[in-house]
Amino acid sequence: MALWRIIRSTSKMLQNTLWVATLLAIYVALPVLLIWGWVRCAHDTIPRTMSFMGFSLARVSALLALFAVLYARLIHSFPYYDPTLMRIYGFGCLLS
């Protein structure tokens, strides 16, 4: 029985660690990499249209995700097949 408790507690700890690592990657690493890419693109001597378009779409996509999360928090959730949520999904598909 004691071994099972150790395995279960280790599994919970690993699960929590993975959640924290995922959240840090999403909320810290992605914005930092996006800003770093914009700075590199701005300091580049040769203008690259495709990289500028890519960073523009990435920024709009990040803003859409941020506003979708804030809107969901504001209304406390989305019901199934909510028209606003479907519109957000549509814009996200267009951006990708």
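Below are the figures for this structure:
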item	result
Amide H contacts of PHE78 (H built 1.01 Å from N, under 5 Å, at least 5 apart or other chain)	none
The chain: relative contact order as a whole-number percent, Cα under 8 Å and 6+ apart	23
Sites TYR27 and ALA72 - FRET efficiency at Förster radius 25 Å, r taken between beta-carbons, to 0.05	0.95
Along principal axes, Cα extents of the chain, largest first, whole Å	65, 38, 20
Integer Hz, Karplus 6.51/-1.76/1.60 couplings in order for region 27-44, x for Gly and Pro	8, 10, 5, 4, x, 5, 5, 5, 5, 4, x, 5, 5, 4, 5, 6, 8, 6
Acute angle (nearest 10 degrees) that the helix 2-24 long axis makes with the longest principal axis of the chain, alpha-carbon atoms	10
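FYI, it's all coordinate maths here, none of it is from the lab. The structure displayed is predicted, hence computed values, not measured ones. Cβ atoms come from the backbone with ideal geometry, glycine included; neighbour counts cover every protein chain shown.
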